Amino acid sequence: MKAKANKAHEPFVRLVKRKEMKVWQSILLRAGAFLLSLLICGIVSSLITRKGMGYFFTTLVDGVFGTKRRIWNLFHETALLLIVAVAVTPAFKMRFWNIGAEGQVLIGGLCCATCMFYLGGKMNIYALIPIMLVSSMVGGAIWAVIPAIFKAKWNTNETLFTLMMNYIAACLTGFMITTWAPRGSGVVYFEKGNLPKVGNEFLLKIIVVAALTVIMWAYLKFSKHGYELTVVGESERTAKYIGINVKKVIIRTLILCGIICGIAGFLLVSGTNQSIHKTDTVAGRGFTAILVSWLAHFNPLYMTVTSLLVIFIDQGTGQIATLQGLGNSYSDIMTGIFFFIIIASEFFINYKVVFKFSVLKKAKKFAETVPPAPEIETEVKEKEEVEE
């Protein structure tokens, strides 16, 4: 009766945690997910634009690789997204859910803009740039360390705290913009203090981000600090047991995250935008970077590929949106489809679907391999004969 009851309550479908999947299998699964996302984007695009699948793919590729400038822009936008993803990675690896990168980058940019507004044209550009950079790093670090101190001292919820800091940063930036340009359009442009060109307008920023990515990878993998924040992320009790100062690690790590966010703000304001705006300066990169970091399993080198794919989809579909007059929402929808499919592939890398009939089949096969147990009555008779 008990066996029948278990059989009756066996679910038709259930999820089982996989053993670690082989590297080549996970790569193939992720590549297949990317191709599937392109296919689904093509189908949705065909329904929206009433153009064929061929139009979608040719325009997508043309929007990314059609001209030399578009190719440079692909790597430039990848670098800008990548540096923010690199910035949030140490905190995420420590299981400190820093949702405040958007505000930390914006405050870094605001500090840079303040230097450009008040000092631009009044001193040599090569003396001004270090001041702008240091002020951006300090501003980003301060904005990141405030929730870190509250977390370390009073165990506050870092997710809500860092998210709240984003809105405060946006309001503070808006206030400064209205102070500098009370009758303007909400944007302040700078003619003095912009980064000089090295080769072209993109190359310097790409080099800086590439260097920071490699340094962060080495820091997390080989340094003592990287080891400590990893241990804190796995278990605070274990970290305390082996003598790691958890509060110190939390504060130190968030300062590092804020510094890199400040550098990102510096590059955006003085190099890319040459202006400051409370929403369009960072343009949502702080939130997209969270997904990029998570999908790359907090490995800065893998984030390079993930960032490149995200910008590939966004830039290519942006070309379609421009030609068809669809607006920015079209690109956001296509990018959302991409993320949805890739996240789904990560789920199937970690779990597998098991159906009821396959479980019963395996149980039956196992039962056939096990020799039948001797009957109880036979054992009792043998014992009685021995006693007689």
Requested in this report: Report yes if Arg50 is over 30 Å from Glu158 (Cα atoms) and in contact (Cβ under 8 Å) with a residue 12 or more places away in the chain, otherwise no.
Outcome: no
Query - Pair list, Cβ under 8 Å, 6 or more apart: region 264-290 residue within 13 Å of Glu77 (Cβ to Cβ), other residue of a type outside the set (Val, Ile, Thr) and not in a helix (DSSP H, G or I) - result: Leu267/Leu195; Gly271/Asn194; Gly271/Leu195; Gly271/Glu201; Asn273/Asp280
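A quick yes/no check of all residues on (1) closer than 18 Å to Arg95 by Cβ; (2) under 22 Å from the mean Cα position of the chain (by Cα):
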| site | (1), (2) |
| --- | --- |
| Ala141 | no, yes |
| Ala144 | yes, yes |
| Pro147 | yes, yes |
| Glu158 | yes, yes |
| Tyr167 | no, yes |
| Phe175 | no, no |
**Report entry** Lone unmet requirement of (1) outside any helix (DSSP H, G or I); (2) among the basic types (Lys, Arg); (3) crowded, with 17+ Cβ neighbours inside 10 Å for Lys192
**Finding:** (3)
Report summary line: Pairs returned, first residue in region 22-41 that is farther than 19 Å from Leu308 by Cβ, second residue that is modelled with pLDDT under 90 and not basic (Lys, Arg), beta-carbon separation under 8 angstrom, 6 or more apart or interchain, are none
Requested in this report: Would you mind finding the one in Leu60, Leu106 that is crowded, with 16+ Cβ neighbours inside 10 Å, touching a residue at least 60 places away in the same chain (Cβ under 8 Å) and under 18 Å from Leu267 (Cβ atoms)?
Outcome: Leu106
Report summary line: Among helices (runs of 4 or more DSSP H) entirely inside region 56-154, those with 2 or more residues being touching a Leu at 6+ places or on another chain (Cβ under 8 Å) and more than 23 Å from Ser275 (Cβ to Cβ) are 68-93, 125-154
**Report entry** Hits in region 177-219 - residues which are farther than 21 Å from Met123 by Cα and of a type in the set (Lys, Arg)
**Finding:** Arg183, Lys205
Query raised in the report: Can you name the residue in region 223-252 that is among the polar types (S, T, N, Q) and closer than 16 Å to Asn155 by Cα and, of all such residues, is modelled with the lowest pLDDT?
Result: Ser235
Report summary line: For region 180-235 the number of residues that are in contact with a His (Cβ under 9 Å, 6 or more places away or on another chain) and more than 29 Å from His277 (Cα to Cα) is 1
**Report entry** Residue selected from region 213-247 under the condition in contact (Cβ under 8 Å) with a residue 24 or more places away in the chain and closer than 16 Å to Ala148 by Cα, by the criterion surrounded by the most Cβ atoms within 10 Å (Cβ to Cβ)
**Finding:** Leu229
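The values are calculated or read from the model by the stated rules, or taken from the named source; none is laboratory data. For clarity, every value in this text was computed on a predicted model and none was experimentally measured. Because the Cβ atoms are built from the backbone with ideal geometry, glycine has one as well, and the counts that use them run over all protein chains shown.
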